[in-house]
Amino acid sequence: MRRGKLRFLDYWLFVPYILLCMIGLVMVYSASSDITVQNGGTPTGYLIKQGIYVILGLLVLILMTAMNIDKWRHPIMIKTFFFVVVAMMLYVLFAGQSVNGAKGWINLPFMSIQPAEICKLLLILYVADIFAKHQKTMSYGLQASFHELDIFKMYIWIVALIGLIAIQPDTGGAAINLAIVVVMILASGINWKWGASFIVLGTGALMIILGPVATHIASSGSNGSYKLARFVAFANPFGTARGAGNQLVNSYYAIAHGGLFGVGLGNSIQKMGYLPEPNTDFILAIIAEEMGVLFVIMILFLLGIIIVRTVWVGVRCQKTYESLICYGVATFFAVETFFNVGGVTGLVPITGVTFPFISYGGSSMLVLCASLGLVINISSQQKRLKVVK
């Protein structure tokens, strides 16, 4: 960023983001070093990779902050983005690597790409653009909405994209993408009756499409048993502690062992092979064990600042497009946090959702940074206009 632009930087967004990334680097190293050595790797393996992802994420955030946000509304940009995401979705469906019962990854030499993560950013930009184009007809209800072909096509594309995620099957990814769309529709200014109708019809269409697929998954192969096991573990974790409930029970042990103040950085017991995915899905449990519940609350507070500030930036926007982007990004961050915290604490079934800016992962980090960069861009424009006035 140029020095002149730094005065317009929204530090309420940028500082918590940097702090979360730094905490994530330390905790990814702590959570992964011992188990990586046990598996024949180097203790700094995941730390180096996460450090690269953080640096790349920062570069992406700077790019999104400096870029003219209206360029994302260009038809060629949107169509190209759509083509790339749909192509990746189809690839993982037929040839993607299966991880934890879901085929949602494209393996590259330097990192693995998860198209469901990229889809979140695509839907935020696409839905915001469509509603911004047709905001004048939003309040007139069904007749005006169906006369706008773009809006009708938007609903078809939303159902198709979320359907492709759900049949991987990636329940958590599909739910987050659906939540983003629902909030953006409700915030768009469309007549609330028809907005609610479209949401119900769209969800119903997804259920009809996915019904046969879900039946097939439930009755065949390891994917079906894996997904079913997650719900069994949620309902009765201690009764299935030696099987499906192992993750959740060990997560409870980690949180209880850490108490308010933790047992000290690096001193976790559960990360020593007892708790699977200690540096990704369950990193919050390791943080609670080593640093204590109070430290976890501080992390949630930092993320809460980002979410609340994002909503506030959206409220202050004069343009529908920018306002909807902010609401979509805030929903993305909030729902992803809820699913991760809920999975770790047993409030919701485990969905394999990572914790924003903390968990190890390249796709997640880059998409989170790109989304936050959009919001910082919008906030910077608001500050700049305020100075001009």
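Laboratory data are not the source of any read-out in this text; all were calculated from the coordinates shown. Just so we're clear, the structure is a prediction, and the values are computed from it rather than from any experiment. With ideal geometry, Cβ positions are generated from the backbone for all residues, glycine too; neighbour counts draw on all protein chains shown.
Where does each of 273-280, 77-84 land if you order them by average Cβ count within 10 Å, highest first?
In decreasing order of mean packing, 273-280, 77-84 become 273-280, 77-84.
Straight distance only, please: which aspartates and glutamates reach the Cα of LYS71 with their own Cα at less than 12 Å, same-chain residues fewer than 8 apart left out?
Qualifying aspartates and glutamates at Cα under 12 Å: ASP129.
Pairs LYS79/LYS386; LYS79/LYS120; LYS120/LYS319: which are spaced more than 27 Å apart, C-alpha to C-alpha?
Violating the 27 Å Cα-Cα cut-off are LYS79/LYS386.
Answer with one residue from HIS74, PHE94, ILE118: the one whose Cα lies farthest towards the positive end of the charge dipole of the stretch 24-136, charges on Cβ with Lys, Arg +1 and Asp, Glu -1.
Toward the positive end, the furthest listed residue is HIS74.
Taking the Cα centre of the stretch 277-389 as origin, work out the dipole magnitude from +1 charges on Lys and Arg Cβ and -1 charges on Asp and Glu Cβ, in debye rounded to 20. Let's see the in-between values first.
Values: 7 positive and 6 negative charges, 207 e Å.
It comes to approximately 1000 debye.
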